1. In region 74-86, which residues are more than 15 Å from Val98 (Cα to Cα) and exposed (fewer than 13 other Cβ atoms within 10 Å of the Cβ)?
2. Output the residues belonging to region 241-271 that are of a type in the set (S, T, N, Q) and either over 17 Å from Ile289 (Cα atoms) or in contact with a Phe, Trp or Tyr (Cβ under 8 Å, 6 or more places away or on another chain) (or both).
3. Look through Ala262, Ala285, Ala309 and report the one residue that is within 16 Å of Gln240 (Cβ to Cβ), at pLDDT 90 or above and small (Gly, Ala, Ser).
4. Pairs needed: first member in region 278-307, in the same structural domain as Asp235 (by TED's automatic domain parsing) and of a type in the set (Phe, Trp, Tyr); second member anywhere, crowded, with 20+ Cβ neighbours inside 10 Å and outside any helix (DSSP H, G or I); C-beta distance under 6 Å; at least 6 residues apart or different chains.
5. Out of the residues in region 116-150 that are surrounded by fewer than 24 Cβ atoms within 10 Å (Cβ to Cβ) and either of a type in the set (Phe, Trp, Tyr) or not assigned by TED's automatic domain parsing to the domain that holds Val44 (or both), state the one that is modelled with the lowest pLDDT.
6. Within region 80-92, is even one residue out of contact with any Ser or Thr (no Cβ under 7 Å at 6 or more places or on another chain), in a strand (DSSP E or B) and closer than 24 Å to Ile212 by Cα?
7. Between a residue in region 35-56 that is within 24 Å of Leu110 (Cβ to Cβ) and in contact (Cβ under 8 Å) with a residue 12 or more places away in the chain and any residue that is surrounded by 24 or more Cβ atoms within 10 Å (Cβ to Cβ) and among the polar types (S, T, N, Q), which pairs come within a Cβ distance under 7 Å, given they are 6 or more apart or on different chains?
8. List the number of the failed condition for Ala157; all other conditions in (1) outside any helix (DSSP H, G or I); (2) modelled with pLDDT under 95; (3) among the aliphatic types (A, V, I, L, M); (4) touching a Lys or Arg at 6+ places or on another chain (Cβ under 7 Å) hold.
Amino acid sequence: MDAGVGQLRRGTPRHGTGPGQGPRLSVGFILAPRFTLCAFANFVDVLRLAADEGDRSRPILCGWSILSDTMDPVASSSGVPVQPGERLGDPGRFDYIVVVGGLLEETPKLGPAYTRFLHRAAEAGVPLVGLCTGAFILHRAGLMQGYRACVSWFCHADFLEQFDGLEPISDQIFVIDRDRLTCAGGASSAHLAAYLVERHVGRAQASKSLHIMIIDDALRPEKPQPGLPLELRTDDPLVQRALLLMQQRIDSPLAVADLARAMGLDKRRLERHFRAALGTSPQAAFLDIRLAFARHLVEATAKSIAAIAVECGFCDSSHLSRMFRARYACTPSEVRAGP
């Protein structure tokens, strides 16, 4: 369990629980420009499905609203706009304020009205939640000093570069540190929302939401993010950067010379760093990353082996199967078939 998790409100919501007394769990959303629609939709749909019987969407047990300073529609990173429902007002009317971030290279600073609102929420003891790059936004607002923050493995190096002296957590799907809750986005947003629903409304409602969304079970905060194989962990910043570039190019692998060139390095220097840090070559590390991701897709999705092969940069399913067997002593089909 994460540090400070016991300090979240449990059984003492800001709203009543009887008829006509309001929801047990109330959430206000702030959507950053170009926010990630997937992270927002996963979180809010868990609330929606837990709030009522069946799939009727009435905000009975849970309530939610999209907050705005201007009431202008907010465009997501996919271009789909979302219309806010009410102005910022008093943050104390919510149990949580959720900031939904978006594209890393476009992560904005929130306007002064939003920053003041978030500071008022923090002063009032309302927990703040950062989805996707929402952790970046909360940091820029000066609201994460001394807190641990969950970020996607994909953003880890960028986080270190932008926030010197802060330690991001990239080996968990979400982190709860006292009254700050952060998650990597994507499907992890649903698991964080289910965690809150379980605490405030009940385990049955949380499970119901996930099952309707065709998510088998709620995952706890410490569940690892899909990412680098554990044997490829290193403190060498040059190797870390190379590994990140490899992950970003899984579907179209780079030759080592091209990888070194992209980093402004000599090929032999890159190879020396890999040997010293990991005891292997860049080529072997790249193959391990691709195979680990392929295995994750085989075990966690219904994609065809041929589609997984293409997604992981292999020529075809036969090529993937040969490499997979050499690494894991079994084929993707055998892994999927189970014992």
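The values are calculated or read from the model by the stated rules, or taken from the named source; none is laboratory data. Keep in mind the model is a prediction, meaning the values are calculated, not measured. Methodologically, a virtual Cβ is constructed for each residue, glycine included, from the backbone with ideal geometry; neighbour enumeration extends over all protein chains shown.
1. Those that are more than 15 Å from Val98 (Cα to Cα) and exposed (fewer than 13 other Cβ atoms within 10 Å of the Cβ): Ser78, Gly79, Val80, Pro81, Gln83.
2. Of the residues in region 241-271, the ones of a type in the set (S, T, N, Q) are 247-248, 252.
Gln247, Gln248 - these are the residues of region 241-271 that are of a type in the set (S, T, N, Q) and either over 17 Å from Ile289 (Cα atoms) or in contact with a Phe, Trp or Tyr (Cβ under 8 Å, 6 or more places away or on another chain) (or both).
3. Numbers: Ala262 fails: at pLDDT 90 or above; Ala309 fails: within 16 Å of Gln240 (Cβ to Cβ).
Residue meeting the stated conditions: Ala285.
4. Going by the 6 Å Cβ cut-off, the qualifying pairs are Phe293/Cys312.
5. So, considering only residues that are surrounded by fewer than 24 Cβ atoms within 10 Å (Cβ to Cβ) and either of a type in the set (Phe, Trp, Tyr) or not assigned by TED's automatic domain parsing to the domain that holds Val44 (or both), the one modelled with the lowest pLDDT is Tyr147.
6. no
7. Ala39/Ser189; Asn42/Ser189; Phe43/Ser189
8. Evaluating Ala157 over (1) outside any helix (DSSP H, G or I); (2) modelled with pLDDT under 95; (3) among the aliphatic types (A, V, I, L, M); (4) touching a Lys or Arg at 6+ places or on another chain (Cβ under 7 Å) leaves (1) as the failure.
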